[in-house]
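Participant: Quick one: the structure is below, and I'll ask about it shortly.
The values are calculated or read from the model by the stated rules, or taken from the named source; none is laboratory data. Keep in mind the model is a prediction, meaning the values are calculated, not measured. Here Cβ is always computed from backbone atoms with ideal geometry, including for glycine, and neighbour counts include all displayed protein chains.
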Amino acid sequence: MKSYYFKTLVVFLLTVLITNTVRAQNLYVRLNPGYAFATGAHEMEDFTNITYNSQGESEEQIKVSFGQGLNFGAIVGYKFNDNMGAELGVSMMKGSKFTSKIDDSEDDYTAETSLSGDMIKINPSFVLFSGMDGVNPYAKFGFAVGIGKIKGEYNENDDNDIINFKMEMDGGSAIGITAGLGVIIDINDKMSFFTELNTLNMSYAPTKGRLTEVTYNGQNLLDDLSTSEKEFEFVDKLSSSDDESDSKPGKQLKTYYPFSNIGINLGMQISF
């Protein structure tokens, strides 16, 4: 499946390069910051806000989607004619942080877990333009290849005994489907303003992870851990015959995290 998408990307790039030698004036570049709102939020086990006090216990489920956050990207596009074109976009998403807390005031205990996700995406798309002058609506659809990273942190304070963990998960890639609706507003022959509403449907499963910090009351404990305790390999299947040596990363089942979103981008387009 990944080979199919790679071949599609190569064909896309060759098409743009070949056609560009004939009609270079149809080439354009976009720079676009934006923000994405999470869709397909996931309820993670034990990721809740819990409060204990003299009045009893309360619990709130926290929904998580790593597709929410700031986007920064650039696009190279080519118009085959007034109504059809193709684009290749590269973007970086800085994901929002999601936090769950436990607060037990009676026993002087608090704990906080936070998670966030970042992703770099390559996004080939085909574009359909209305062909109107001055104000030009368009629609686009394509796919995205993403390389992600998920960061986590855990802080616990038990009667002033403080434990801190930090970890990162990455490796592997994700494939998603993209679509968008937008409008281009011409400023002059070379420059235009555009705004776009787009959507991404994607989930991502890291293949490896590691603890990057472990402290107890400020004392570093990371160096005291074995490789299997501080490094992890995420796999599709676990077996009793797997090598569980302390000198190798520990194995855990792979988990898919949601990165789907609906975003809005705006920026400038420069035509050549």
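Participant: How many of the residues making up region 210-224 are loosely packed, with under 14 Cβ neighbours inside 10 Å, at negative phi and part of a loop (DSSP other than H, G, I, E, B)?
Facilitator: 0
Participant: On to the next question. Within region 28-72, track down each residue that is of a type in the set (Gly, Ala, Ser) and in contact with a Leu (Cβ under 8 Å, 6 or more places away or on another chain).
Facilitator: Passing the criteria: 34, 36, 67.
Participant: Let me ask you something else. Would you mind stating whether residue 227 is in contact with a strand residue (DSSP E or B) (Cβ under 9 Å, 6 or more places away or on another chain), surrounded by fewer than 17 Cβ atoms within 10 Å (Cβ to Cβ), hydroxyl-bearing (Ser, Thr, Tyr) and more than 30 Å from residue 108 (Cα to Cα)?
Facilitator: The answer is yes for residue 227.
Participant: Still on this model: What residue, among those in region 83-99 that are out of contact with any Asp or Glu (no Cβ under 7 Å at 6 or more places or on another chain) and among the small types (Gly, Ala, Ser), is nearest to residue 55 (Cα to Cα)?
Facilitator: Step by step, filter region 83-99, then rank; the result is 96.
Participant: Oh, and also: Scan 189, 242 and give me the residue that is part of a loop (DSSP other than H, G, I, E, B) and touching a Lys or Arg at 6+ places or on another chain (Cβ under 7 Å).
Facilitator: Just one listed residue meets the conditions, 242.
Participant: Still on this structure, please answer the following. Being surrounded by fewer than 16 Cβ atoms within 10 Å (Cβ to Cβ), at pLDDT 55 or above, under 25 Å from residue 95 (Cβ atoms) and small (Gly, Ala, Ser) is true for just one of 40, 67, 56, 34. Which residue is that?
Facilitator: 40
Participant: Filter region 228-272 down to the residues that are of a type outside the set (Gly, Ala, Ser) and more than 28 Å from the chain's Cα centre (by Cα), then identify the one that is farthest from residue 207 (Cα to Cα).
Facilitator: My answer is 272.
Participant: Does residue 162 fit the bill of being under 22 Å from residue 72 (Cβ atoms) and hydrophobic (A, V, I, L, M, F, W, C)?
Facilitator: No, not satisfied.
Participant: Could I ask something else about it? Taking region 175-209 only, how many residues are hydrophobic (A, V, I, L, M, F, W, C), surrounded by fewer than 20 Cβ atoms within 10 Å (Cβ to Cβ), farther than 28 Å from residue 133 by Cβ and out of contact with any Leu (no Cβ under 9 Å at 6 or more places or on another chain)?
Facilitator: Qualifying residue count for the region: 2.
Participant: Also, I was wondering about something else. For the structure I just gave you, tell me whether residue 237 is over 28 Å from residue 37 (Cβ atoms), out of contact with any Cys (no Cβ under 6 Å at 6 or more places or on another chain), part of a loop (DSSP other than H, G, I, E, B) and not hydroxyl-bearing (Ser, Thr, Tyr).
Facilitator: When the stated conditions are applied, residue 237 passes them.
Participant: Checking residue 256 against (1) aromatic (Phe, Trp, Tyr); (2) surrounded by 14 or more Cβ atoms within 10 Å (Cβ to Cβ); (3) at pLDDT below 95, only one condition comes out false. Which one?
Facilitator: Answer for residue 256: the failing condition is (2).
Participant: Kindly check whether there is at least one residue in region 65-73 that is under 30 Å from residue 130 (Cα atoms), part of a strand (DSSP E or B) and touching a helix residue (DSSP H, G or I) at 6+ places or on another chain (Cβ under 9 Å).
Facilitator: The answer is no, given that none of the residues of region 65-73 is under 30 Å from residue 130 (Cα atoms), part of a strand (DSSP E or B) and touching a helix residue (DSSP H, G or I) at 6+ places or on another chain (Cβ under 9 Å).
Participant: Now for a different question. Exactly one of these conditions fails for residue 262: (1) in a strand (DSSP E or B); (2) in contact with a Ser or Thr (Cβ under 8 Å, 6 or more places away or on another chain); (3) more than 27 Å from residue 44 (Cα to Cα). Give me its number.
Facilitator: (3)
Participant: What are the residues in region 99-152 that are out of contact with any Gly (no Cβ under 9 Å at 6 or more places or on another chain), crowded, with 16+ Cβ neighbours inside 10 Å and hydrophobic (A, V, I, L, M, F, W, C), if any?
Facilitator: 102, 111
Participant: Please list, ordered by first then second residue, the pairs with beta carbon atoms under 8 Å, 6 or more apart or interchain, first in region 207-224 and within 30 Å of residue 256 (Cα to Cα), second among the polar types (S, T, N, Q) and not in a strand (DSSP E or B).
Facilitator: Within 8 Å, no pair qualifies.
Participant: Let me ask something else. Just for region 152-179: of the residues that are in contact (Cβ under 8 Å) with a residue 60 or more places away in the chain and assigned to a strand (DSSP E or B), which one is farthest from residue 137 (Cα to Cα)?
Facilitator: My answer is 169.
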